[in-house]
1. Can you name every residue in the range C:19-40 that is within 11 Å of chain A (Cβ to nearest Cβ) and either surrounded by fewer than 19 Cβ atoms within 10 Å (Cβ to Cβ) or among the charged types (D, E, K, R) (or both)?
2. Taking the range A:281-331 as the search range and keeping residues that are modelled with pLDDT of 85 or more and not in a helix (DSSP H, G or I), which one is nearest to the other protein chains (Cβ to nearest Cβ)?
3. When you look at C:Val85, is it within 30 Å of A:Trp52 (Cα to Cα) and at the interface with chain A (Cβ under 10 Å from one of its Cβ atoms), yes or no?
4. Given the conditions (1) within 8 Å of chain A (Cβ to nearest Cβ); (2) farther than 24 Å from A:Lys324 by Cα, and given that C:Met125 satisfies all but one, which numbered condition is not satisfied?
5. Could you grab me the full set of residues in the range C:136-159 that are in a helix (DSSP H, G or I) and either among the aromatic types (Phe, Trp, Tyr) or more than 10 Å from chain A (Cβ to nearest Cβ) (or both)?
6. Which of the residues that make up the range A:247-277 are more than 12 Å from chain C (Cβ to nearest Cβ) and among the aliphatic types (A, V, I, L, M)?
7. Look through the range A:100-120, keep the residues that are open to solvent by less than 40 Å² (accessible area, probe 1.4 Å) and at pLDDT below 90, and return whichever of them is nearest to A:Ile271 (Cα to Cα).
8. Here are the criteria: (1) in a helix (DSSP H, G or I); (2) open to solvent by 10 Å² or more (accessible area, probe 1.4 Å); (3) more than 7 Å from chain A (Cβ to nearest Cβ). Tell me which single one C:Lys133 does not satisfy.
Amino acid sequence: MSGRDHHKPFGLARSGGIEGLSDAAAMHVVTQWLNRLGLRGRGLVIGIPYFWYLLFFLIPFVFVLKIALSEAAYSVPPFTDLTEWAEGALKITLNLANFDYIFSDSLYVTAYLNSVRIAAISTLLTLLVGYPMAYAIARAERSWRAPLLMLVILPFWTSFLIRVYAWMSLLQDNGLVNSVLMNIGIIDSPIRILNTDFAVFLGIVYSYLPFMILPLYSTLEKMDLSLLEAAEDLGCRPFKAFWRITLPLSLPGIIAGCLLVFIPAVGEFVIPELLGGPDTLMIGKVLWQEFFSNRDWPVASAVAIALLLLLVIPIMIFQHVQAKQQEAEKR
Amino acid sequence: MVQTAQQVRQQPKKPDAKEPWLDPQATPYVRIENVSKHFGDFVAVDNVSLDIYRGELFSLLGGSGCGKTTLLRMLAGFEQPTSGKIYIDGVDMSNIPPYERPVNMMFQSYALFPHMTVEANVAFGLHQDRVPKDEIDRRVTEVLELVQLVSFRKRRPHQLSGGQRQRVALARALVKRPKLLLLDEPLGALDRKLREKTQFELVNIQEEVGITFVMVTHDQEEAMTMSTRFSVMNAGKIVQTGTPAEVYEYPNTRFSAEFIGSINLFEGHMVIDEADHAVIEAPEAGCQIMISHGITGTVGSRVWVGVRPEKMKISKAVPALENEYNLLSGKVIEIAYLGDISIFHVTLKSGKNIRVTAPNVSRYSVDSITWGDEVWVHWNADAGVVLYT
Amino acid sequence: MNARGLGLVFLWLWAGLVFLYLPIVTLIFYSFNDSKLVAVWGGFSTRWYGELMHNGQVLDAALLSLEIAVISACGAVVLGTLAGVTLSRFPVFRGRVMFSGLISAPLVMPEVISGLSMLLLFVSMEQLVGWPKGRGMLTIILTHITISAAYVSVIVQSRLVSLDASIEEAAMDLGARPTRVFMRITLPIIAPALVSGWLLSFTLSVDDLVSSSFVTGPGASTLPMVIFSKVRLGVSPDINALATIIVLIVTVGVISGGWYMVRSEKRRELEERMAYAEGEKENTGMV
C-alpha cells in the first residue's frame, strides 16, 4: 500500500479487481482507517510487533521496578501503591527497603554469587563437552551433518522438565548411576549425587548442550577449510593450526554459545529445584520462593531487578553478537 | 605467441640454460613418476609422469575435473598418491606431510587468515620455522616491497581489494623461499583487465626470485602467455606437454588441438605417403589435402588434418595455384568483426562449417567479403598438421 | 586436525550422543516396570499407562496445554513473521536498535524474570483498564506468544536474509503491490521457516513451566505444572509413562518432519542434477 492510495481513493479498488469488488471496497475502508491513524503497509508491519513488545516486554519492567519500590501489604494485589492523593497533592513514596533488605541479608547475596558461580562453571563445562561435538559434526561428511545435528537437537524438542526428571531417577541413591558404579566396584555404598551442586552442573550441561553446539557448529561449518591447508602448507602442524586458526575463528560461536547458556542458567529455577540440594541457592529459586511461598511480591520484584542488573551486560553483548552475525549473513 | 612453424623448427636443438628439457642429461627438479590417484571408483589422476626443471613456470592446463588440481594437491602433500612417487629436488615426498615439505601454495581462494593482518599472514610461515624475530621483520618487509603492499601491512584481509589479496597470498607463499611454489588458478578471481596486468607481474616476480612455479589453470591464454612449458590434461591423463609454441603448432591429438586455440579439422584417409610429402583424401573438404612432409602411417589409414584459421587465406577470386590441393570453396554465413581481424564462418559444399581469420589490413576495401559471398579458401602445404587420434 | 585427532573427536561425539540419549532411554525402559520403585525391575507391565488413562487431572491439563500451545503458536508465527520482516526488510526506521533489542531479549531472558514481569503487567493492566480480567488461559497465551514470537522472528529473519531480494523486486517490477508481493511471493518462499517456527513455538508452549506458573490463575493448570508438582515429591512410575508418551509423540513428529525435509531436499538435488545433465547434452548437441 503506497502513499498513492491515500490520494487516489479508487486506486486500490481497481487493482484488486481479481478478488472482487466487495473485498476491495472493504479493504479500502480498512486502509483508509489505518491511513488516518498514520499507519500504512510499512508502518503497520513495523508497528504491530513494536507495539506488542513495548507493551508486553518493556513496560512490564517498569511495573517490576515500581513494585520493587513498594511495600508488601495484605491486600489484593499484595503491595502498596507508590502514589496516593493526600490533601489534594500527589504524594509518591519510594521505598528502597526491599533493595536494602536483599543486599544486606546474606541469603540473597549468597544466592546471587552462587548463581553466577554455578552458571559460569556449567557454561565452561558445556563448552568443553560441546566444542568437540560441534567440531566433529562440522567435519563429518556432508550427508551426515544434518542427521547428526538433528540427533543433537532432538532431545531439546522433548520436554525440558522430563529431561531433568530423567536425571532425578538416574542419580538417586538407588538409581542406575549408583548401581553401575557399585557393580563395577568403584564404590561400595551408594554416594549422594542427587541434590548436590554436581547434579546441578550435570543438569545444566545436559539441558543446554544444544544451545552451545548450534552456534559453534554454524561458525565451524562456515569456516573455509583451505585456511587450515594454508596453515599446514606454511609449516604449521595440524594441532597447532587448530589453536592458531580454527579456535580464533570460532570465537563468535563460542561467545554466542556461552551467552546462550550462561544468561538463562543464572536465572535457572527448575534444575536447582529438582536436582540441587536444599543448600544449592540460586537466585531464580529464591525469587520463586519469595513469590510463591512467601507471597512477597515487592521483594521478588527487587530480586528480579537485581538479577536483571547482573544480566544486562551479558544480554547486551549477546544482542551485539546476534546483530553482527546477521550482518555477516547478509554479506 | 603465434610463431610460424618454421620459426619453431629452427629453434636450436642444442641444450640451452633456458631450455633444460631439451637436454637429456639435465636432472629434473620435480619428478612425478607414474602417479595415480583414486577417490573410490573415480580415477582423478591416471598414471601421470612428468619432469619439471628448476626455474620453470610450468602450467597444468585442462577443464574442470581433469585432475590438474588433484595433481597440484599431491605436490603440496594434501593428497597422497594411490600409486607412484613424487620427488622434489631428489627427495622422495611420500609420507612427508604438507607442513614439512619445502613447498608453498597460493590457494585459489587465497585462504588468507581473516583474523590476522597482512603482516601477520605473511609472517605466519616464518613463525612456524622459528625464524628470529628481526629476520622475520626484514623478510616480511622485503616480500611486501616486492608485491608493493608495504603500506597495507597493518590491514586485515577484508580491507583489501581482490588484487591486493592476491598479492598478499603470493607474498605469504614466497616469503618462505620454497623450492616449489604452487599456484591454484592464481588469477581466477580477478577481473579481466587486472588479470592481464597481473599475468606479467607474476612472470616478472617469478623471474626475479628464481623460484620454480607450478600453476594450475583452465585458461589456455593464461597458460600460453605465462608458462615456459605446460601440460594439457584430460580425464586424469596428460595429453601433451611442451612449450606454448610447440603445443600450438604441433598438437599431438585432436583434443589438444581443439583445447588450445581454434582449429578446423578434416577427417580423411591417407592416399599418398612419400618421404617428402603426403596426400590425404578428405571428403568433407571437397579436395585432396597436401602435407609438405612425410608422416608415419600407412596408406588407407584414417587421419585428421588440422588447419588453424589464421593460416588459411580467404578470397572472392580463385587463387592462382600450381595444383588443386588445399583449395576449398564455400559460402560466407557469418562474419565477426573484431577490429584487428575478422572471423569468417564459411559453409563448404559438404555442409561442413569452417573458420577463417583475416587481418583487416586496409580501412576500406571495395571487394571486401560480405555475407552470402561465394569464397575460396586456401592454405599452404606446410600449414596443416596430421592427427591420428 | 589430523586423522587420529579427528577420530578422537568423533569418539567424543558418539559419547556425547550417548550422554544425551541414555537418560531418555532409561526413562522409557522403566515406564514398563511393574514395580512401584522406579529403580528396581519388577517385570514388564503397562499398568502405569493404564493408570494414566484414568487420571482426569493429567488429561485435563494435557488438553489445556494443547489448546494453549496451538493458539499461541499461531499467534507467535504471525507476530514473529512481522517482526522478522521488519528486521530484515526495513534497515532504517526510528527506534530500530531498541526494537531489535526487544525482540532478541526474550531468547535469553531467564523465565523467572519474564514470568514475574508479565504477571505484574497483567495485574496492573487489570487495575488500570480492566483487561485482561483475572488470570488464566488468556494470560498464559499472551505470555507464550511474546516469548515464542522472538524465536520465530529469528528463524524468519535468517530465511529472509538468505532470500534473494531481487525476486521481490521482480514481482514489484511486474506490477504487484507490496502487500501482494508479500502474500504471493515472499510468504510461499519462507513457508518452511514458518512451519518450523510454528512447531518450535508449539513445543516451547507445551513445555513451559516457569512463566506459565507466574501468569496462571486458579483452575488453569497446564501439563508441566501438574508434572512439576508430582515430580517435586520424588520419582514416580506414572510420570515415566507420561514422559514416554510425550517423547514418543515428539520423536515421531520431529522425525517425520525431518524425513520429509530430507526427502524434498534429496528430490530437489536429483532434479537439479538431471536438469544440469540435460543442459550439458543440449550444449554439446549444439556445438
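The values are calculated or read from the model by the stated rules, or taken from the named source; none is laboratory data. Note that the coordinates shown come from a computational prediction; the quantities given were computed from them, not determined experimentally. Because the Cβ atoms are built from the backbone with ideal geometry, glycine has one as well, and the counts that use them run over all protein chains shown. Ligands, DNA and RNA are stripped out before the accessible areas are found, and what is left, the full protein with its side chains, is counted by its heavy atoms. Shrake-Rupley method; radii C 1.70, N 1.55, O 1.52, S 1.80 Å.
1. Going residue by residue through the range C:19-40, those that are within 11 Å of chain A (Cβ to nearest Cβ) are C:19-31, C:33, C:37-40.
Of everything in the range C:19-40, those that are within 11 Å of chain A (Cβ to nearest Cβ) and either surrounded by fewer than 19 Cβ atoms within 10 Å (Cβ to Cβ) or among the charged types (D, E, K, R) (or both) turn out to be C:Phe19, C:Tyr21, C:Leu22, C:Val25, C:Ile28, C:Phe29, C:Leu37, C:Ala39, C:Val40.
2. Among those that are modelled with pLDDT of 85 or more and not in a helix (DSSP H, G or I), it is A:Met282.
3. Considered against the rule, which asks whether it is within 30 Å of A:Trp52 (Cα to Cα) and at the interface with chain A (Cβ under 10 Å from one of its Cβ atoms), C:Val85 comes out as yes.
4. (1)
5. Initial filter on the range C:136-159 (in a helix (DSSP H, G or I)): C:137-159.
C:Met137, C:Leu138, C:Thr139, C:Ile140, C:Ile141, C:His144, C:Ser148, C:Tyr151, C:Val152, C:Ile155, C:Val156, C:Arg159 - these are the residues of the range C:136-159 that are in a helix (DSSP H, G or I) and either among the aromatic types (Phe, Trp, Tyr) or more than 10 Å from chain A (Cβ to nearest Cβ) (or both).
6. Of everything in the range A:247-277, those that are more than 12 Å from chain C (Cβ to nearest Cβ) and among the aliphatic types (A, V, I, L, M) turn out to be A:Leu249, A:Leu251, A:Ile254, A:Ile255.
7. Looking only at the range A:100-120, we keep the residues that are open to solvent by less than 40 Å² (accessible area, probe 1.4 Å), and these are A:102, A:108, A:111, A:114-115, A:118-119.
Now narrow it down to the ones that are at pLDDT below 90: A:102, A:108.
Details: A:Ile102: 23, A:Tyr108: 18 Å.
Ranking the qualifying residues of the range A:100-120, first place goes to A:Tyr108.
8. The failed condition is (1).
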